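Enquirer: I have a structure I would like to understand better, so I am pasting it below and will then ask my questions one at a time.
The values are calculated or read from the model by the stated rules, or taken from the named source; none is laboratory data. Nothing here was measured: the structure is a model prediction, and the numbers come from that model. Ideal geometry is used to build each Cβ from the backbone, glycine not excepted, and the neighbour counts take in all protein chains shown.
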Amino acid sequence: MELHVAKSGSDSAAGTAEDPLLSIGAAAALARPGDSVLVHEGVYREWVNPPRGGTADAPITYQAAPDADGLYEAVTITGAEPVGDWRPHSAGVWVATVPNAVFGDRNPYTERIGGDWFFDQVNTWHTGEVYLDGKSMYESLTLGGVERPVVTEDSFDPEGSLLTWYCEAGDDATTIWANFGGADPADHEIEVNARKFVFWPEATGIDHITVRGFTLTKAATQWAPPTALQEGLIGPHWSKGWVIEDNTITDSKNVGISLGKEAVTGQNEAAAGPKAKGGTQREREVIQRALALRGPDAGEPHPWHRDHVGSHTVRRNRIRDCEQAGIVGHLGAAFSTIADNHISGIHVKRQWHGAEVAGIKLHAAIDTVISGNTIHHTHRALWLDWQAQGTLVRRNVFYASTAEDFMVEVCHGPYLVDANLFLSPWAVKDMSSGGAYVHNYFAGRIANCTEHQRYTPYHLPHSTAVYGVSNILGGDDRFFNNVFVGDGERSESQAEPALASFWNGAIDIDGVPGQATFVPTPVGTSQYDAYPTPEEYPSDGDGSALAGPRLPVRAEGNLYAEGAEPFRAEPEPRVAATSPVRVEVVDAAAGTVRVETAGAVATVATVTTARLGTSYHAEMGYTDPDGSDLDLSRDFTGLPRGETIPGPFAAGAPTYRTLLAPAPGRRA
């Protein structure tokens, strides 16, 4: 059945095309498995809280209705409300009073951002926000900061940081002062955050929902660490089989899409109870509870098992202007696919910081495929933290990361990183083992270290069941058929002005314990010179000691150009003065990358599942999520490789190509 929603409708209507409902929530109350909710053009100011889900064969679909040309109608679902009664306060400053009834049971102008691994424990930043014509303004902690605004240090948008607001909440109303930069609010749309979610089921276990073709915007979400309920502007809330596709998702105070955990397995555990246990132990406890807790009739979540949680698809979305992460997920992102999204402008304001900030930040991304995404102008682009096992990171474009493009932290593998473009000054920070890096293009450096202080789980193959725990000995990595292009003497003047201060050679390791240190080396694999080869690995190296021997590293078939340096024991590394492949960003905001290939490149051995072998700890092969052998026969753009050469692009590929960032699908 189709249920129609339109701004001309009524919530007492039948929900037909001729007699539509007025709110999406009213349609959600009626929708049953197999039904479609078609939402017609307009702005819908509501929290869509679906009370039930569908089935694998009959999902419930929420979709922007198709227009006469088969394109999605322009439908916006927002967590904000307009405020129009602005009065002059002082020169350039306006004031408005908002009844607290607007905010329901959670006033975002009294709720302080905080939780585990949130660094700023002094300042009182709120989940509320003020928007000038859709642009998020900057909170000030004092009224003086509104009357005399100053540029926020490190902001990506220095000029925008002069648009400031300040709030004071009373029992019945909240007063907001704002500096609109000389604009008269009567001539502009001014909105404030009113709801914590835009599309989010309050209950867990609401499975198999599709959300398609909307603009979803402006939510007062809370900080989302792995040991707490991970709130997002949109998300399945500990359910299975959601499809989130073809949407524009913007302006969540913290997280755009959350695929993460619920509250019963832990709610800011590292900050609660006896702190002597520490955050790592608390997180291990969260994982054990997620595996053990059962009985939804008793108000507890389903256990963490692929039959109940995960297996989501997030594709072809544009995600921007979220201050913590574009996509986050602990446990609940397992067995999922995150593909062809364009993620940018994450952590733009930089008024506060924490250890969960990235374009995509996932814990326990078991058998999760992250492919075809363009991620730029973020703190770090992709962060896999704990339990990246069976994870595939494929054909992504990363650039303009102020920390690094890819961080993999205390994971044991196996995980595959193939045919990606790493274009930021720092490409990878590797505090893990069991990685296979194949056919990538590296224009930035790699940093590596061991981690003997933290013990994290690894799992039975293609399962959430825990096989064991270990610290990070380092190594067990493979680097096959990559292209490394040296960065020479990179200077701040070469960076975009907004990023120059971050690219000064410093290594940002927020969230990493003080015992972990990275030692800079040039672009290439010489970072691993202290590691043994498989032939050099000691015959008695059983890894049983607390700080056992580093695990072997293999590097073969790589090409090093323009000063990039190979691993000391790589057999016959290909070294060139000039790279035969050149990738550059030509439109940073749009995510447009240009590729130039020139000159012949020597062929190298093909990479297969058999050649990659098995990971040390999980004793698991490098395969597709279903356990079948990897197919590495196609290049970054999908062309057949033919003869195997280093890098992401096939031999005989076009000399010049322009690669565009994915855009939200427009056809309904």
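Enquirer: Is there a residue being of a type in the set (Phe, Trp, Tyr), in contact with a helix residue (DSSP H, G or I) (Cβ under 6 Å, 6 or more places away or on another chain) and more than 16 Å from Val102 (Cβ to Cβ) anywhere in segment 193-200?
Expert: no
Enquirer: Another question, then. Would you check if there is a residue in segment 156-165 being touching a helix residue (DSSP H, G or I) at 6+ places or on another chain (Cβ under 9 Å), surrounded by 21 or more Cβ atoms within 10 Å (Cβ to Cβ), assigned by TED's automatic domain parsing to the domain that holds Trp117 and more than 30 Å from Glu73 (Cβ to Cβ)?
Expert: Within segment 156-165, one or more residues are touching a helix residue (DSSP H, G or I) at 6+ places or on another chain (Cβ under 9 Å), surrounded by 21 or more Cβ atoms within 10 Å (Cβ to Cβ), assigned by TED's automatic domain parsing to the domain that holds Trp117 and more than 30 Å from Glu73 (Cβ to Cβ).
Enquirer: Also, quick follow-up: Would you tally the residues in segment 439-449 being among the aliphatic types (A, V, I, L, M), assigned to a strand (DSSP E or B) and surrounded by 24 or more Cβ atoms within 10 Å (Cβ to Cβ)?
Expert: Going through segment 439-449 one residue at a time, the tally reaches 1.
Quick grid of which residues meet (1) at pLDDT 95 or above; (2) in contact with a helix residue (DSSP H, G or I) (Cβ under 9 Å, 6 or more places away or on another chain); (3) in a loop (DSSP other than H, G, I, E, B):
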site	(1), (2), (3)
Gln389	yes, no, yes
Val393	yes, no, no
Tyr399	yes, no, no
Gln453	no, yes, no
Thr456	yes, yes, no
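Enquirer: Looking at segment 461-468, can you tell me whether even one residue there is touching a helix residue (DSSP H, G or I) at 6+ places or on another chain (Cβ under 7 Å), at pLDDT 60 or above and in a loop (DSSP other than H, G, I, E, B)?
Expert: The answer is yes; a qualifying residue exists.
Enquirer: Shifting gears a bit: Output the residue which, of all residues in segment 340-372 that are surrounded by fewer than 24 Cβ atoms within 10 Å (Cβ to Cβ) and of a type in the set (A, V, I, L, M, F, W, C), is nearest to Gly591 (Cα to Cα).
Expert: Val348
Enquirer: Here's a follow-up. Of (1) more than 31 Å from the chain's Cα centre (by Cα); (2) in the same structural domain as Gly524 (by TED's automatic domain parsing); (3) in contact (Cβ under 8 Å) with a residue 12 or more places away in the chain, Glu565 satisfies all except one. Which?
Expert: Status for Glu565: all satisfied but (1).
Enquirer: Which ranges mark the strands (runs of 3 or more DSSP E) fully within segment 1-81 that have 1 or more residues being of a type outside the set (Phe, Trp, Tyr), touching a Phe, Trp or Tyr at 6+ places or on another chain (Cβ under 8 Å) and surrounded by 14 or more Cβ atoms within 10 Å (Cβ to Cβ)?
Expert: Of the strands (runs of 3 or more DSSP E) lying wholly inside segment 1-81, those with at least 1 residues that are of a type outside the set (Phe, Trp, Tyr), touching a Phe, Trp or Tyr at 6+ places or on another chain (Cβ under 8 Å) and surrounded by 14 or more Cβ atoms within 10 Å (Cβ to Cβ) span 2-5, 36-39, 60-64, 75-78.
Enquirer: How many of the residues in segment 228-247 are part of a loop (DSSP other than H, G, I, E, B) and touching a Phe, Trp or Tyr at 6+ places or on another chain (Cβ under 8 Å)? Steps first, answer last, please.
Expert: Initial filter on segment 228-247 (part of a loop (DSSP other than H, G, I, E, B)): 228-233, 235-239, 241-242, 246-247.
After this cut, where a residue has to be touching a Phe, Trp or Tyr at 6+ places or on another chain (Cβ under 8 Å) as well, the list is 231-233, 235-237, 246-247.
Counting residues in segment 228-247 that are part of a loop (DSSP other than H, G, I, E, B) and touching a Phe, Trp or Tyr at 6+ places or on another chain (Cβ under 8 Å) gives 8.
Enquirer: Being surrounded by fewer than 19 Cβ atoms within 10 Å (Cβ to Cβ) and either touching a Phe, Trp or Tyr at 6+ places or on another chain (Cβ under 7 Å) or at negative phi (or both) narrows it down to one residue among Ala561, Ala588; which is it?
Expert: Going through Ala561, Ala588 in turn, just one is surrounded by fewer than 19 Cβ atoms within 10 Å (Cβ to Cβ) and either touching a Phe, Trp or Tyr at 6+ places or on another chain (Cβ under 7 Å) or at negative phi (or both): Ala588.
Enquirer: Has segment 185-204 got any residue that is without any contact (Cβ under 8 Å) to a residue 40 or more places away in the chain, surrounded by fewer than 22 Cβ atoms within 10 Å (Cβ to Cβ) and part of a helix (DSSP H, G or I)?
Expert: Checking segment 185-204: at least one residue is without any contact (Cβ under 8 Å) to a residue 40 or more places away in the chain, surrounded by fewer than 22 Cβ atoms within 10 Å (Cβ to Cβ) and part of a helix (DSSP H, G or I).
Enquirer: Then there's this: Just a yes or no: is a residue in segment 658-668 of a type in the set (Gly, Ala, Ser) and without any contact (Cβ under 8 Å) to a residue 12 or more places away in the chain?
Expert: No: zero hits.
Enquirer: For segment 591-612, which positions are outside any strand (DSSP E or B), among the hydroxyl-bearing types (Ser, Thr, Tyr) and buried (at least 16 other Cβ atoms within 10 Å of the Cβ)?
Expert: Thr609
Enquirer: Additional query: Just to verify a result, which residue in segment 133-155, among those that are closer than 29 Å to Pro225 by Cα, among the hydrophobic types (A, V, I, L, M, F, W, C) and in contact with a helix residue (DSSP H, G or I) (Cβ under 9 Å, 6 or more places away or on another chain), is modelled with the highest pLDDT? Break it down stepwise before answering.
Expert: Here is the first cut: in segment 133-155, the ones closer than 29 Å to Pro225 by Cα are 134-142, 151-155.
With among the hydrophobic types (A, V, I, L, M, F, W, C) added as a condition, the list becomes 137, 141, 151.
Now drop any that are not in contact with a helix residue (DSSP H, G or I) (Cβ under 9 Å, 6 or more places away or on another chain), which leaves 137, 151.
Working: Met137: 98, Val151: 95.
Out of the qualifying residues, it is Met137.
Enquirer: Among the residues of segment 90-124, count how many are part of a strand (DSSP E or B) and surrounded by fewer than 17 Cβ atoms within 10 Å (Cβ to Cβ).
Expert: Let us first name the residues in segment 90-124 that are part of a strand (DSSP E or B), namely 90, 93-99, 112, 118.
Now narrow it down to the ones that are surrounded by fewer than 17 Cβ atoms within 10 Å (Cβ to Cβ): 90, 97, 99, 112.
Total satisfying the criteria: 4.
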